[in-house]
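In what follows, a structure is listed as structure tokens, so that the remarks can point back to it.
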Amino acid sequence: MGKSTVFNMLTGLNQHVGNWPGKTIEQKTGVVNYKGYKIDLVDLPGTYSLTANSLEERIARNYLLKNRPDAVIIILNAATLEHSLYLLTELINLPIPIVVGLNMMDVAKQQGFQIEENVLSAALGDTPVIPIVASHNQGLNKLLDAAIEVSQHPNQTLSQKYRITPSDYPHQEIQKQITSKIQGKLPAIYPTDWIALKLLEGDSEITSMVKESAPETWKSIEMLLIDHEDTFLDIAGSRYAWIERLVRAAMTNPRKGTISLTDRLDKIATHPFAGLLLLIGISGAVFWLTYTLANPIVYWLGNSIISPLALWSKSALGNAPFWLQGLISDGIINGAGMVLTFLPILFFFFAAMGFLEDIGYLTRAAYVMDRFMHWMGLHGRSFMPLFLGFGCNVPSIMGTRIIEDRRARILTIMLSPLVPCTGRIAVITFLAPAFFGKSALIAVWGLVSLNLVILASLGILTNKFIYKGKRTAFIMEIPLYHVPNPRTIGLFIWNNLVEFTKRAGTIILLVAIVMWWLSNYPGGNIENSILAQFGHQLAPLGHCLGWQDWRITIALLTSFLAKENTISTLSVLYKIEESGNLAANIASSLTMPSRLGFLAIQMLFIPCVATVAAIRKEAGTKWMVINILLLLFISFSAGAIIYWGLTLLGVK
Amino acid sequence: MLKQLLTILQDETIYQVEDIANKLGTSTAMVVAMLGMLTRQGYLGEVEQACTSACKGCALAKQCKVASRTDAHIWVMNAR
Ligand SMILES: Nc1nc2c(ncn2[C@@H]2O[C@H](COP(=O)(O)OP(=O)(O)OP(=O)(O)O)[C@@H](O)[C@H]2O)c(=O)[nH]1
Ligand SMILES: [Mg+2]
């Protein structure tokens, strides 16, 4: 890291930018005038190795071999030495003098690393190792001095360098055999033992070059190679073993304190069983906190702001036409405005999520859950997308694009809508206190759990009978816990609240207005309105579920446009004249079993139209229809089972 | 060392870099470096953070990015 920075610092304005011959990758060359020397400097593309895995790597190594520069400056990132040393193990055996620039010393220092450059240098056969901070122009002159020095005495530096063998791999005998076979048969620019090594590593470019340049010998080389498969792993592995020894010798261990704290916390947080319990506990606490803190404010907003405002506007508009009065007071303020009282719920929910994410807990949650998802046969990549669903199902469905296997992807898309999004969580949080009194919190927990249990069962069933998912090993690097940053969390809350407010001002407002119109025309009387006639048609369905009131069914249907519409529609249809607060009015028209059934359906119902559109876009119309039918079936079955089950048990 | 790492990864389950490092008797940084190499060689795939390239052109990308701002690295074994 920092090659271009070094290059820019040294060359200043004396740069030429072009392309590598025939390639679209930028080639930068420049001139440095230093202590009477005129140095041509070339900025090579960044690579991790000299194996032809990528265009960058091919360009870099071909340049080194064909142009044989007087010296190579290799820039290592001191903060991630393990990563960048691999390239050095490859360079060290090429016949080119090298100088090591140990960059990012400031970052390394900040992270508490201490690197002894003398140890590094000695281990590299006295190759100069110069600590630098490229971005602050520190150490760059020393780097140039060293580069000039080695270029003056190439033979001496090379012979020192050759004494060390970074790769002590078990195939050196075969390498020798191959070397003798290709001796003198290839273009002179390539060192033969290097070619032999690359053949053993399975390098595609070198392989085809040998095949072309020396077709007669290729047959016998191929026989040797076939007998020694997987030599790449041995060779690269021995390089890493060497890197490890080197790092151990040259670097002192950092961050002891933080690591052990993280270690101790993670003993519990990522434990297969304790971690799951902790996760359940923490999610429970999030709901408890959201519920306890938000609900008083929500009710206060509803009863002391929205309702009085609606009443006041009605009287203030006393002389205005009936439609204008009703539209503003019942449709806009009482309908869409009521949904705005959700803001505290969302605020506390996102604050809790943002906090957990920012300290680094969510990664642990993902780890624990992933173990669990493996039991369900769900693809490891499915977790992150599903997890996004708690915010909103749309990004969760988009997020499944990271799943390559199409069937696993479809399965994840089909399950996504079962993750309760904040819209649905807000609706049940709003209604729960009036519906269930003291047991409200338990009811909310139960409803959220019901969704997750159904999601898990569906996953397990699909895995058992329809799609036997292939499992794969799944590796996670879990970062250290960190001190939360109020700004990041604040931004996270803010973005989400803005998004919600936009929805309230558009689709939710529109639906509220339409609902008001449909419930007042013709005749300005709800019982004779178009909506009532339609609602009565649906009455049989409601009766099956214990809703004697058609308004409930209509409200549920409008949740298709946006989940929060359930509340805005109910708010429009249960006019404010009916004294008491909205949730209480709704509760009074439902028995206990039907309340629970209604909320279960609300939670499991077809997702909102934006989600359905996302499903269609990502999985196609067929799967969208299947998903809608499936969720209709699941939600109504669950609602009916809860209602009839509880009724038969005698719950009132 | 790489071979041992691949042998450890044969079980089709979930691993923490930390655990692998303990098994190999090395540091997590070494394991991450080697996982990077195995990724470049095609043995593993690195899972992108949910909303980087996948969400290009998605209207919700901005909101989504915030929601998926985890800095964990994730790799999966590729079928061979
Ligand atoms: N803190 C710190 N940052 C640095 C240092 N050197 C470079 N950087 C920063 O690291 C980033 C990458 O630097 P580049 O010089 O573009 O890296 P590069 O090696 O050319 O990268 P590629 O061409 O992509 O391989 C830039 O933002 C630099 O400002 C350093 O010594 N300390
Ligand atoms: Mg660069």
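The set of residues from the range A:605-640 being open to solvent by 60 Å² or more (accessible area, probe 1.4 Å) and free of Cβ contacts under 8 Å to residues at least 40 places away in the same chain comprises A:R616, A:K617, A:T621, A:K622, A:V625, A:L629, A:F633. Beta carbons closer than 7 Å, at least 6 apart along the sequence or on distinct chains, pair a first residue in the range A:211-229 that is in a helix (DSSP H, G or I) with a second that is open to solvent by 70 Å² or more (accessible area, probe 1.4 Å) for A:S213/A:K185; A:T217/A:K185; A:W218/A:K211; A:L224/A:Q177. When the range A:57-92 is filtered for residues that are within 37 Å of the chain's Cα centre (by Cα) and over 20 Å from A:L197 (Cα atoms), the ones remaining, listed by number, are A:I73, A:I74, A:I75, A:L76, A:N77, A:A78, A:A79, A:T80, A:L81, A:E82, A:H83, A:S84.
Tell me whether the range A:468-484 contains one or more residues that are buried (at least 17 other Cβ atoms within 10 Å of the Cβ) and under 30 Å from A:S635 (Cβ atoms). Yes, the range A:468-484 contains at least one residue that is buried (at least 17 other Cβ atoms within 10 Å of the Cβ) and under 30 Å from A:S635 (Cβ atoms). Put simply, of A:V119, A:V99, A:V32 the only residue that is more than 14 Å from every other protein chain (Cβ to nearest Cβ) and without any contact (Cβ under 8 Å) to a residue 60 or more places away in the chain is A:V99.
If I filter the range A:35-50 down to residues being more than 14 Å from every other protein chain (Cβ to nearest Cβ) and open to solvent by 40 Å² or more (accessible area, probe 1.4 Å), which single residue comes out as farthest from ligand 1 (Cβ to nearest atom)? Full working, then the answer.
Initially, the range A:35-50 is screened for residues more than 14 Å from every other protein chain (Cβ to nearest Cβ), giving A:35-45.
With the extra rule that they be open to solvent by 40 Å² or more (accessible area, probe 1.4 Å), the set shrinks to A:35-38, A:40, A:42.
Working: A:K35: 23, A:G36: 27, A:Y37: 23, A:K38: 23, A:D40: 18, A:V42: 12 Å.
Among them, the one singled out is A:G36.
Selection over the range A:109-144 of residues that are within 16 Å of A:L88 (Cα to Cα) and among the aliphatic types (A, V, I, L, M) gives a count of 7. Residue-level check: of (1) within 16 Å of ligand 1 (Cβ to nearest atom); (2) surrounded by fewer than 20 Cβ atoms within 10 Å (Cβ to Cβ), A:G125 misses just (1).
Based on what the data block shows, is A:E90 within 16 Å of ligand 2 (Cβ to nearest atom) and under 28 Å from A:V107 (Cα atoms)?
Working: within 16 Å of ligand 2 (Cβ to nearest atom): no; under 28 Å from A:V107 (Cα atoms): yes.
Answer is no for this residue.
Of the residues making up the range A:56-82, those that are within 16 Å of ligand 2 (Cβ to nearest atom), open to solvent by 30 Å² or more (accessible area, probe 1.4 Å) and in a helix (DSSP H, G or I) number 2. Listed residues A:G535, A:G542, A:G523; which is loosely packed, with under 13 Cβ neighbours inside 10 Å and either part of a helix (DSSP H, G or I) or free of Cβ contacts under 8 Å to residues at least 40 places away in the same chain (or both)? Going through A:G535, A:G542, A:G523 in turn, the sole match is A:G523. Do the conditions hold for A:F500, that is, is it within 14 Å of chain B (Cβ to nearest Cβ), open to solvent by less than 30 Å² (accessible area, probe 1.4 Å), part of a helix (DSSP H, G or I) and in contact with a helix residue (DSSP H, G or I) (Cβ under 6 Å, 6 or more places away or on another chain)? Considered against the rule, which asks whether it is within 14 Å of chain B (Cβ to nearest Cβ), open to solvent by less than 30 Å² (accessible area, probe 1.4 Å), part of a helix (DSSP H, G or I) and in contact with a helix residue (DSSP H, G or I) (Cβ under 6 Å, 6 or more places away or on another chain), A:F500 comes out as yes.
Which one of A:Q156, A:Q114 is of a type in the set (S, T, N, Q), touching a Ser or Thr at 6+ places or on another chain (Cβ under 6 Å), away from ligand 1 (no atom under 11 Å from the Cβ) and at pLDDT below 90?
On the way: A:Q156 fails: touching a Ser or Thr at 6+ places or on another chain (Cβ under 6 Å).
Result: A:Q114 is the single residue among A:Q156, A:Q114 that is of a type in the set (S, T, N, Q), touching a Ser or Thr at 6+ places or on another chain (Cβ under 6 Å), away from ligand 1 (no atom under 11 Å from the Cβ) and at pLDDT below 90.
Inside the range A:198-230, residues that are touching a His at 6+ places or on another chain (Cβ under 9 Å) and buried (at least 20 other Cβ atoms within 10 Å of the Cβ) make up a count of 1. Do we find that A:T569 is assigned by TED's automatic domain parsing to the domain that holds A:W547 and open to solvent by 10 Å² or more (accessible area, probe 1.4 Å) in this structure? No. With respect to being more than 14 Å from chain B (Cβ to nearest Cβ), out of contact with any Lys or Arg (no Cβ under 7 Å at 6 or more places or on another chain), hydroxyl-bearing (S, T, Y) and more than 10 Å from ligand 1 (Cβ to nearest atom), A:T80 falls outside the description.
Residues that are touching a residue at least 60 places away in the same chain (Cβ under 8 Å) and touching a Lys or Arg at 6+ places or on another chain (Cβ under 6 Å): find the helices (runs of 4 or more DSSP H) completely inside the range A:399-485 holding 3 or more of those. Can you show your working first?
Numbers: elements: A:406-415, A:422-436, A:440-461.
Where helices (runs of 4 or more DSSP H) fall fully within the range A:399-485 and carry at least 3 residues being touching a residue at least 60 places away in the same chain (Cβ under 8 Å) and touching a Lys or Arg at 6+ places or on another chain (Cβ under 6 Å), they are A:422-436.
The values are calculated or read from the model by the stated rules, or taken from the named source; none is laboratory data. Please read all numbers here as calculations on a predicted model, not as lab measurements. Using ideal geometry, Cβ is built from the backbone for each residue, glycine included, and neighbour counts are taken over all protein chains shown. Note: accessible area is taken over every heavy atom of the protein model, side chains too, but ligands, DNA and RNA are not part of it. Shrake-Rupley method; radii C 1.70, N 1.55, O 1.52, S 1.80 Å.
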